[in-house]
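*Asks:* Below: one structure in structure tokens.
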Amino acid sequence: MSLGIVIVSHVPEIALGVQRLVEQVAKDVSVTIAGGTDEQQVGTSMAKIMKAFDQNTADEILAFYDLGSAKMNLEMAIEMSEKTVHLYDTALIESAYTAASLLQAAVPLTDVEAQLAPLKIK
Amino acid sequence: MLTVENTVAWIDQFADQIEAKQSYLSELDTPIGDADHGGNMVRGLVAVKAALNPAPADLTKVFQATAMALISKVGGASGPLYGTAFLEMAKQSKTDTDLETLLAAALAGIEKRGGATTGDKTLIDVWAPVVSAVQAGKLTQAVVDDAVASTEPMVAKKGRASYLGERSVGHLDPGAVSSGYLFTALLATEGIL
């Protein structure tokens with residue numbers, strides 16, 4: 001079973017930036033993103049999140065987001081997706097980076113989650 | 001009792017009110033949010049109106065079309081929140097066409113989706129008293145207006161305004177105001193209440 005990462009941000013450039021950052025330490029981890037609304041405005045889009053789930057080549061996904069409404073759209077996308085998605089209320093950049101580093105090192109999910117726990121901020 | 005005709009009329013009236021109040025809603029969202037509530041809601045409700053013309057075949061489809069348009073077009077937190085409300089009404093409408101039952105299902109959906117409760121300075125502070133009043137057969141414009149006004153002295157605990165803490169006091173919650181329009185439109189629609 002493979003684990004991948006999905007980044008959801010209100011701003012397309014933030015999502016792209018976090019992806020660029022974490023891919024530096026996780027070249028073999030599938031990292032897909034959903035940034036901004038369908039019109040590339042500030043906000044989030046359930047359709048974009050669904051697409052990020054679909055495009056991710058992993059069987060199971062760890063999802064990270066920036067602000068509250070991103071979480072609501074994520075939860076709706078999770079309800080509709082067939083993939084297993086784990087959602088974390090953690091600091092976006094730090095936790096995505098932590099997870100990416102650990103997944104690259106093939107650390108199991110329970111140990112990744114233990115490292116993410118202190119990063120919970122919301 | 002809700003029918004396709006009166007429900008479409010209700011939602012159309014809601015859309016008209018949101019369009020008329022677009023700049024006011026964004027103005028309310030400026031000191032305590034990201035100044036986009038008016039624009040977001042209008043974008044959603046323009047899509048809703050298009051989805052309801054011609055009117056869908058049954059009540060469930062009316063609510064589903066409304067929900068999907070709001071979820072895909074609104075962008076801010078209001079999209080998933082209003083979208084969930086209408087999705088829950090869609091589910092409930094398969095077995096029931098009573099307004100009070102549908103609104104109670106919608107409120108439960110909003111609470112679950114947003115994790116907020118009464119007193120957090122959100123749209124729930126309008127939905128909760130309105131649902132109670134509908135259940136008691138006592139919904140009036142004053143109930144709606146008082147519920148909207150009640151958000152002004154509250155400290156925001158959920159949503160973008162919560163980052164401001166005490167500084168959110170003294171402002172109406174924009175989502176509460178737009179929900180007020182939903183129920184004002186309900187009162188103005190003939191044959192529902």
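The values are calculated or read from the model by the stated rules, or taken from the named source; none is laboratory data. Note that the coordinates shown come from a computational prediction; the quantities given were computed from them, not determined experimentally. With ideal geometry, Cβ positions are generated from the backbone for all residues, glycine too; neighbour counts draw on all protein chains shown. With ligands, DNA and RNA removed, areas are computed over all heavy atoms of the protein, side chains included. Shrake-Rupley method; radii C 1.70, N 1.55, O 1.52, S 1.80 Å.
*Asks:* Name, by its number, the condition in (1) in contact with a helix residue (DSSP H, G or I) (Cβ under 7 Å, 6 or more places away or on another chain); (2) assigned to a helix (DSSP H, G or I); (3) within 14 Å of chain A (Cβ to nearest Cβ) that does not hold for B:ALA156.
*Replies:* That leaves (2) as the condition not met.
*Asks:* Hey, another quick one. Looking only at helices (runs of 4 or more DSSP H) that lie completely in region A:1-113, which have at least 1 residues being within 14 Å of chain B (Cβ to nearest Cβ) and at pLDDT 95 or above?
*Replies:* A:12-23, A:46-55, A:68-80
*Asks:* Among residues belonging to region B:112-126 that are assigned to a helix (DSSP H, G or I) and over 13 Å from B:GLY159 (Cα atoms), point out the one that is nearest to the other protein chains (Cβ to nearest Cβ).
*Replies:* Step by step, filter region B:112-126, then rank; the result is B:LYS112.
*Asks:* Also, quick follow-up: Residue pairs, Cβ under 6 Å, 6 or more apart or interchain, first in region B:159-173 and polar (S, T, N, Q), second surrounded by 17 or more Cβ atoms within 10 Å (Cβ to Cβ). List them.
*Replies:* B:SER162/B:ALA156; B:SER168/B:ILE32; B:SER168/B:ALA156; B:SER168/B:ALA161
*Asks:* Could you list, in sequence order, all residues of region B:37-85 that are of a type outside the set (Ser, Thr, Tyr) and more than 16 Å from the chain's Cα centre (by Cα)?
*Replies:* Answer for region B:37-85, where residues must be of a type outside the set (Ser, Thr, Tyr) and more than 16 Å from the chain's Cα centre (by Cα): B:ALA50, B:ALA51, B:LEU52, B:ASN53, B:PRO54, B:ALA55, B:PRO56, B:ALA57, B:ASP58, B:LEU59, B:LYS61.
*Asks:* With respect to B:ASP29, is the statement that it is among the acidic types (Asp, Glu), farther than 20 Å from B:GLY159 by Cα and within 16 Å of the chain's Cα centre (by Cα) true?
*Replies:* no
*Asks:* Looking only at region B:84-103, how many residues end up being more than 13 Å from every other protein chain (Cβ to nearest Cβ), assigned to a helix (DSSP H, G or I) and buried (at least 19 other Cβ atoms within 10 Å of the Cβ)?
*Replies:* 6
*Asks:* For region A:34-71, name all the residues that are under 14 Å from A:VAL85 (Cβ atoms), touching a helix residue (DSSP H, G or I) at 6+ places or on another chain (Cβ under 7 Å) and open to solvent by 40 Å² or more (accessible area, probe 1.4 Å).
*Replies:* A:MET50
*Asks:* Now for a separate question. Among the residues of region B:22-43, is any over 27 Å from B:LEU164 (Cα atoms), of a type in the set (A, V, I, L, M) and either within 14 Å of chain A (Cβ to nearest Cβ) or in contact with a helix residue (DSSP H, G or I) (Cβ under 7 Å, 6 or more places away or on another chain) (or both)?
*Replies:* Checked against the condition, which is being over 27 Å from B:LEU164 (Cα atoms), of a type in the set (A, V, I, L, M) and either within 14 Å of chain A (Cβ to nearest Cβ) or in contact with a helix residue (DSSP H, G or I) (Cβ under 7 Å, 6 or more places away or on another chain) (or both), region B:22-43 yields no hits at all.
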